[in-house]
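The values are calculated or read from the model by the stated rules, or taken from the named source; none is laboratory data. As the structure is a prediction and not an experimental result, all values here were calculated from the model. All Cβ positions, even for glycine, are placed from backbone atoms using ideal geometry, and neighbour counts span all protein chains on display.
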Amino acid sequence: MTKRMIIQIEELTKIYGKGDIEVRALDGVTLQIHENEFVAIMGPSGSGKSTLMNILGCLDRPTSGRYFLAEQDVSGLNKTQLAIIRNKRIGFIFQSYNLLASSSALENVMLPLLYNRNGSAGTTEQQHHKALAELEAVGLVDRAHHKPQELSGGQMQRVAIARALINNPDLILADEPTGNLDTHSGVEIMELLRSLHARGSTIVMVTHDINIGAYAQRVIHFRDGRIESDEKNGKFTAYPPAQEIPHESG
Amino acid sequence: MRVDKVLQIAWKGLARNKLRSLLTMLGVIIGVSAVIIMIAISAGTEKTIEEQITSLGTNLVFITQNFSRGGFQPGNPGQERGGLVFDDAQSIADGVEGVEGVVVEQNSTQNVDAGSTTLEDVSILGTTPDFPSVRDITIANGRYFNQAEVDRKQKVAVLGATLAEELFGDTTPVGQVVSVGNTNTKVTVVGVFNKKGQVGDADYDSRLYVPITVVFQKFTPSQFARIMGDRVRMIYVKVDDSMPLDDVILQIQLLLAKRHNVSLDSPDFSVTTQEDIIQTRESTTAAFRNLLAWVAAVSLVVGGIGIMNIMLVSVTERTREIGIRQSVGASPNDIRRQFLTEALLLSLVGGLIGVIVGVGGAWLYGKFSGMRTVIVPNSILLAFVSAAVVGIFFGFYPANKAAQLDPIEALRHE
C-alpha cells in the first residue's frame, strides 16, 4: 500500500546573512515523509535541524527549493497563507510548552480554533466540547480551568499536545518535547506521542537525546545542513492497540 | 476571527494592567470632557444671547455719542455743544418716520435713604415715559411717570423689584418718600416694576427710575451741564416692526448729522442695532470656543500619543504571546486587529469616562460659575467619535508593528 506523502522537500536551502558571513543552515536537503510515520531528526546544535523544523512548520520560508506539505506546494506562500497552513495542517509541540500564561488550560487548547477561517470552529459551546475532549484524551480534563503556572511541566506539555491536536493536523511537529522535563514526565510524554502515532498521526520530532530518538520509527541525522544518515530504527516497537491506551496516565 | 472573541481578548489584555490602562486613558478622558464642557459653555452663552434677543426685540436701535470720531472738540465753533443732547431725542421722535418710541437715559449713582434703610451706591436711571414699552418691562404696582412729570421735573420715582424689596421689605412702597443723594432730594415712589432680571450688564431690578429731567437738575454735576447742555448717555429708539430698520437708521443718521452739523463720514454719534451687539458677543464667544477647541484637540492628540506609547510597550512585553498566537495560526491581520482593538477599547472606554466627567463637569461649572451651560447631545457623539479616531490613528503603528513580527523571533523572545 502506498501512503499519502505528508512532507516532500526538494533541494531545500536556507541561507542566513550575505557574502563573507553567509551561513548555509540548510544545504540542499531532499526528504520525503509519509503519512503515519514517526520520525526523529537528530544532530548537534548548528546542524540545521531547527531551521528545518521552522520551515516544515511554515514559520519560515526556504531560500530555495520546494516544500510540499500534504501534496500542497507551500514554498511560495505569503505570511497570511502560511498562517492558515499552520492553523489547519500543523500542530506544534515546543520544548518550553509555549502556553499563554494568563489563560486556562481549556482556553489554551481552544486557541487554534480562534483563528479558524470562515467560522469553521463552530459555536463557543462546540469549541468547549472539542477542547474538553482533547484534554480528556491527554488525561487532563480535571485541570481544564487551571492556569499553566498551577500545572506541572508534564501537564503543561500535555496541554500543549491537546492544543496541537485540536484542528486535526496533517503533521505534528515536536521540538525537543521532553527537553524541559524530568525523566519520568519525559517518558509519559513520549508514550503519549507513541499512542498518537498508533492512532494514525504523522509525527516529526527534533531531539538531541538518543533515548528520546529511540521512540521513533525512523531516525534522520543532520550535520552541517545536510542529511548525514536516514535509517529505520531497529528497536522501534509499535504501541499497544488503541483500546489499551492508558488515558489516566500520571 | 469573530468580533466578540477579538473584543474579549482585547478586554482581557487591558484588564491585566488596570492602573496602566487607566493612566493611559487619562489624556483621552481630559480631551473628551474638555470638548463636552466647552460646547456646553458656548451653547449656554448662545442660549443666553438668544433669550436677550427675544427679551429686547430686534427692532431696537441704540444711539451713543462718539468721542473718538469728531466728537466734542473745544475751539471748534460748530461743535462746541458736541455729543448727544436731550433735544436730539425729541427731534427723532418728531422727525423720523417709523419710530414707535424714544427713550433717553442718563445715569448716576447715589445713596438712597428710605428712612429705616439706607442703601449706598444705588444706580439711578433717568429716563422718559416710553421706557417700559421700549425695554419691555412691566409695572407690578402703581404706575410709570408720564410726560407731564418729566416736563415739570416732578420728583417721582419707580423702583426695580429688588430695590423695592431691599428698601421697604413687606410694606407697600407706592406713596412712600425716599431721599436721594447728597442733595437729599425727596422723591415720591409712584410705582414698582415686575422682575426683569439681568440683561447684558444691566440689572434692571436694582435700579431707581426717575424722570430724566430730575437727573439733569439734581444729580449730574451742574457745571458740566451748563457748558454741554443736557447731555445724555444714550438714546434708545424702538422702531415700528413694519418699517425697514435700515431706512429708519438712515433717517436718524441724517437728522442727527444735520442737527450736530457734522458729516456722515465722521459723525459724533454712532447708531447700533441690537443685532450688532449680539454679533459682537457672538464673535467673542466664538473666539473663546475656538481656544477651547484647540485645547481639547491638543489633549486628545496627547492622549493618543499616550495610547501609542503604552501599546508599543505592550507589544514588546507580549512578543512571546504574539509568537504563540502566530504559531497556532494567527495571521498578521489577526494580530493587527487584536492590538488595534485594544487601542480602540482604551480610547473608547476613556471616551466614555470622559463623557461622564464632561457632562458632570459642565453641570458643576454651570452651577458654581454662574455661567449658563447647556449639554448638547451631539457634542457627546462628536467627542466619542474623535476618541475613536484617535484610538485607531495612534493604535495603528503599534498594531502594525506587532503584526509584522517574525514568528520565530517572537517565539524565542523571553
Among the residues of segment A:133-155, the number that are within 13 Å of another protein chain (Cβ to nearest Cβ) and among the aliphatic types (A, V, I, L, M) is 0
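What about B:ALA296, is it in a helix (DSSP H, G or I), surrounded by 15 or more Cβ atoms within 10 Å (Cβ to Cβ) and more than 14 Å from chain A (Cβ to nearest Cβ)? Write out each step before concluding.
Working: in a helix (DSSP H, G or I): yes; surrounded by 15 or more Cβ atoms within 10 Å (Cβ to Cβ): yes; more than 14 Å from chain A (Cβ to nearest Cβ): yes.
The answer is yes for B:ALA296.
Can you find, within segment B:130-141, the residue that is farthest from the chain's Cα centre (by Cα) among those that are of a type outside the set (Val, Ile, Thr) and surrounded by fewer than 18 Cβ atoms within 10 Å (Cβ to Cβ)?
Of segment B:130-141, the ones of a type outside the set (Val, Ile, Thr) are B:130-133, B:135-136, B:140-141.
In the following step, the residues that additionally are surrounded by fewer than 18 Cβ atoms within 10 Å (Cβ to Cβ) were identified as B:133, B:136, B:140-141.
Working: B:SER133: 25, B:ASP136: 21, B:ALA140: 29, B:ASN141: 32 Å.
Across segment B:130-141, the extreme among qualifying residues is B:ASN141.
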With criteria (1) surrounded by fewer than 24 Cβ atoms within 10 Å (Cβ to Cβ); (2) small (Gly, Ala, Ser); (3) in contact with a Ser or Thr (Cβ under 9 Å, 6 or more places away or on another chain); (4) more than 14 Å from chain A (Cβ to nearest Cβ), B:GLY391 comes up short on (1)
Every residue from segment B:1-16 that is away from chain A (no Cβ under 11 Å) and at pLDDT 85 or above:
B:LEU7, B:ALA10, B:TRP11, B:LEU14
Going through A:LYS49, A:LYS147 one at a time, which residue ends up being under 20 Å from the mean Cα position of the chain (by Cα) and of a type outside the set (Ser, Thr, Tyr)?
A:LYS49
Condition first: among the aliphatic types (A, V, I, L, M) and over 21 Å from A:ARG89 (Cα atoms). Now tell me which residues in segment A:197-215 satisfy that.
A:ILE210, A:ILE212, A:ALA214
Can you pull out every residue in segment A:54-107 that is charged (D, E, K, R), part of a loop (DSSP other than H, G, I, E, B) and facing chain B (nearest Cβ under 9 Å)?
A:ASP60
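If you check A:ARG89 against the conditions, is it more than 22 Å from A:ALA25 (Cβ to Cβ) and touching a strand residue (DSSP E or B) at 6+ places or on another chain (Cβ under 8 Å)?
Values: more than 22 Å from A:ALA25 (Cβ to Cβ): yes; touching a strand residue (DSSP E or B) at 6+ places or on another chain (Cβ under 8 Å): yes.
Judged against the criteria, A:ARG89 is a match.
Could you run through segment B:252-268 and say how many residues are buried (at least 18 other Cβ atoms within 10 Å of the Cβ) and either at pLDDT 85 or above or out of contact with any strand residue (DSSP E or B) (no Cβ under 8 Å at 6 or more places or on another chain) (or both)? Can you show your working first?
Step one: filter segment B:252-268 for residues buried (at least 18 other Cβ atoms within 10 Å of the Cβ), giving B:252, B:256, B:260, B:262, B:267-268.
With the extra rule that they be either at pLDDT 85 or above or out of contact with any strand residue (DSSP E or B) (no Cβ under 8 Å at 6 or more places or on another chain) (or both), the set shrinks to B:252, B:256, B:262, B:267.
Total satisfying the criteria: 4.
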Got at least one residue in segment B:367-380 being away from chain A (no Cβ under 14 Å) and in contact with a Ser or Thr (Cβ under 8 Å, 6 or more places away or on another chain)?
yes
Restricting the first residue to segment A:90-108 and requiring it to be closer than 23 Å to A:THR202 by Cβ, which pairs with a second residue that is surrounded by fewer than 20 Cβ atoms within 10 Å (Cβ to Cβ) and of a type in the set (Phe, Trp, Tyr) meet a Cβ separation below 8 Å and a spacing of at least six or different chains?
none
Reported set for segment B:118-140 where residues are under 15 Å from B:ARG233 (Cβ atoms) and either among the acidic types (Asp, Glu) or part of a loop (DSSP other than H, G, I, E, B) (or both) is B:THR128, B:ARG135
Under 6 Å by Cβ, and 6 or more places apart or on different chains, what pairs join a residue from segment B:1-26 that is on the phi > 0 side of the Ramachandran plot and free of Cβ contacts under 8 Å to residues at least 12 places away in the same chain with one that is outside any helix (DSSP H, G or I) and among the hydroxyl-bearing types (Ser, Thr, Tyr)?
none
Filter result (of a type in the set (A, V, I, L, M) and touching a helix residue (DSSP H, G or I) at 6+ places or on another chain (Cβ under 6 Å)) within segment B:150-171:
B:VAL150, B:VAL156, B:ALA161, B:LEU163
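Take the residues in segment B:311-335 that are within 11 Å of another protein chain (Cβ to nearest Cβ) and out of contact with any Lys or Arg (no Cβ under 8 Å at 6 or more places or on another chain); name whichever of them is nearest to B:ARG20 (Cα to Cα). Reasoning before the result, please.
First pass over segment B:311-335, keeping only residues within 11 Å of another protein chain (Cβ to nearest Cβ): B:318, B:320-335.
With the extra rule that they be out of contact with any Lys or Arg (no Cβ under 8 Å at 6 or more places or on another chain), the set shrinks to B:318, B:320-322, B:324-325, B:330, B:333.
On the way: B:ARG318: 15, B:ARG320: 20, B:GLU321: 19, B:ILE322: 20, B:ILE324: 24, B:ARG325: 24, B:ALA330: 26, B:ASN333: 26 Å.
So, considering only residues that are within 11 Å of another protein chain (Cβ to nearest Cβ) and out of contact with any Lys or Arg (no Cβ under 8 Å at 6 or more places or on another chain), the one nearest to B:ARG20 (Cα to Cα) is B:ARG318.
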Working only within segment B:162-202, note down all residues that are in contact (Cβ under 8 Å) with a residue 24 or more places away in the chain, under 29 Å from B:ILE49 (Cα atoms) and in a loop (DSSP other than H, G, I, E, B).
B:ASN194, B:LYS195, B:LYS196, B:GLY200
Of the residues A:LEU26, A:LEU52, only one is hydrophobic (A, V, I, L, M, F, W, C) and over 23 Å from A:LEU196 (Cβ atoms); which?
A:LEU26
(1) surrounded by fewer than 22 Cβ atoms within 10 Å (Cβ to Cβ); (2) over 24 Å from A:MET110 (Cα atoms); (3) within 12 Å of the chain's Cα centre (by Cα): which one isn't true of A:VAL206, the others all being true?
(1)
Every residue from segment B:203-226 that is at pLDDT 85 or above, closer than 22 Å to B:GLN52 by Cα and assigned to a helix (DSSP H, G or I)
B:ASP205, B:SER206
Since B:GLY370 meets every condition but one in (1) under 30 Å from A:ASP175 (Cβ atoms); (2) surrounded by fewer than 15 Cβ atoms within 10 Å (Cβ to Cβ); (3) among the small types (Gly, Ala, Ser), which condition does it not meet?
(1)
